[in-house]
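Quick note: the coordinates plus some simple rules give every number you see, no bench work behind them. Note that the coordinates shown come from a computational prediction; the quantities given were computed from them, not determined experimentally. Here Cβ is always computed from backbone atoms with ideal geometry, including for glycine, and neighbour counts include all displayed protein chains.
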Amino acid sequence: MDDEEAPLARDSNSLVAAALRDMAAAQDSAQKAWGYKRAAAAVLDLEVPIESLRQSDGSMRKVAHIGPSSTRIILEILDHGRSAIVEAAVAASGRESDVATRHDYRQHFLSRAEVLRALRNPRLGGPRLDQCRGDFHMHSTWSDGADSVAAMAEGCRARGHAYCAITDHSYGLAIARGVSMADLARQHDEIQALNLAAAGHFHIFKGIEANLRADGLVDMTPEELARLDIVVASPHSALRKADDQTERMVRAVTQPGVHILGHPRGRMYGSRPGVTADWPQVFAAAARSEVAIEIDGDPSRQDVDHTLAVYAVAAGCLFTLDSDAHGVDQLAYAETAVAHARLAWVPPDRVVNTWPVEQVRAWAERR
């Protein structure tokens, strides 16, 4: 089986990055820990497998933010599949339990090189990047984003999209500068003006990322939800609890006015596992309600990942493949979402992003 046939045979960049994160966890010095974390991030961002940077004399080509100490660890892993340096450091630190726990928080994340390999692999099913016509999850300066609504829309147009949804945080998430209803009305005026100026060549949906409360309801009233075209309901709390939250998530996907279950687990690379639930049951409820399951492409989220998405495929779910961008420079995060969808063999016709704007509008109005 060749390299393209086995896209997940060995994501060496993820393996190396995990070891460097373990090394960071073993450090008493905050500066040294930061250095190893920065090296791990650099490895995850590489667009080629780390082993391809090895030179004929056995040394490594220099990569920004990867110093001599990290390079020694990388070479050990490439030679032996493990690093005695890291293992000794973790044992000496007495933090074996914490390191082992964090291993679980890094499962099924793709490196940038693995994302590109999945996108290019013609043998995979699922949607192609060029089939995606829009992005349903992004933030602007109205909440915690870095760029204006106009800039985000233009960034989507530059990527070849026909539409996007601006989904700033709802007022219930103050930590993310959630937008008030008064400000949301002003944003809607801005969106309407931009849509008129686009003259049908691009469409901005009026959206929100509503905060999912512990009881499974969003933090907005039915009357407030009715003012929006697209509502993404996302969990931002109770993400470290081991308790089963199936009831919470089922209630979320059966709530009238909700269109998308955003980053469903709420997991974060190396730091939290996210929501525990009977996901097949949640997905079955979502499929019945025509609520889409999001694959969030933020590299630190990748939520849901391809291993969980296969259960949503089996349940008959719709999907959205989104960037969760907080700036124009992050719109490319949607590529990670598409890679997971391809690895899960998500049928392209069940990906809302592949639909024409009229079909999206008809689906949204049914909710």
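Quick look at the values:
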quantity	calculated
Among MET138, MET181, MET23, residue whose mean-square fluctuation peaks in a GNM of the chain (springs only between Cα atoms under 10 Å)	MET181
Dipole axis of the chain (+1 Lys, Arg; -1 Asp, Glu on Cβ), positive-most option in GLN107, ILE295, PRO348	GLN107
VAL231, VAL90 arranged by Cβ crowding within 10 Å, fewest neighbours leading	VAL90, VAL231
Cα coordinate range in the range 245-299, projected on the principal axes (Å, largest first)	33, 20, 16
For THR71, net neighbour charge (Lys/Arg +1, Asp/Glu -1) across residues whose Cβ lies under 11 Å away	+3
Neighbourhood charge, 12 Å Cβ-Cβ cut-off, centred on TRP363 and excluding it, Lys, Arg +1 and Asp, Glu -1	0
Ranked packing of 249-259, 233-243, most packed first, by mean Cβ within 10 Å	249-259, 233-243
Interatomic Cα distance distribution for the chain, bins of 10 angstrom, percent	5, 24, 31, 24, 13, 4, 0
Estimated D of the range 215-367 in µm² per second, where Rh is the Kirkwood radius over Cα pairs and Stokes-Einstein applies at 25 °C, 0.890 mPa s	159 µm²/s
Crossing angle, helix 334-343 versus the chain [Cα axis fit, 0-90 degrees, rounded to tens]	80 degrees
Spherically averaged projected area in nm², based on the convex hull that wraps the Cα atoms of the range 85-153	8.8 nm²
Square roots of 5 times each gyration tensor eigenvalue, C-alpha, the range 12-119, largest first, Å	22, 16, 12
Cβ-based exposure ranking for GLU358, GLU190, in which fewest neighbours within 10 Å come first	GLU358, GLU190
R0 of 56 Å, Cβ-Cβ distance ASP244-LYS62: FRET efficiency to nearest 0.05	0.70
Where no second cysteine Cβ lies under 4.7 Å, the cysteines concerned in the chain	CYS132, CYS317
Viscosity 0.890 mPa s, temperature 25 °C, Stokes-Einstein D of the range 163-262 from Kirkwood C-alpha radius, µm²/s	172 µm²/s
Size of charge dipole - the range 1-155 - debye, nearest 20, with Cβ of Lys, Arg +1 and Asp, Glu -1, no other charges	240 debye
Selected from VAL232, LEU53, GLN330, residue furthest toward positive end of dipole (the chain; charges at beta carbon)	LEU53
Relative contact order for the range 95-241, counting Cα pairs under 8 Å that sit 6 or more residues apart, in percent	18 percent
Cα-centre dipole for the range 126-366 with unit charges at Cβ (Lys and Arg positive, Asp and Glu negative), debye to 20	380 debye
Pairwise label distance in nanometres, SER148 with ALA198, each label 7 Å out on the Cα-Cβ vector	1.6 nm
Value of relative contact order over the chain, rounded to a whole percent, pairs C-alpha under 8 Å and six or more apart	16 percent
Candidates LEU318, LEU343, LEU78, ranked by Gaussian network fluctuation over the chain, Cα under 10 Å, top entry	LEU78
Among VAL357, VAL90, SER12 the positive-end extreme of the charge dipole of the chain (Cβ point charges)	VAL90
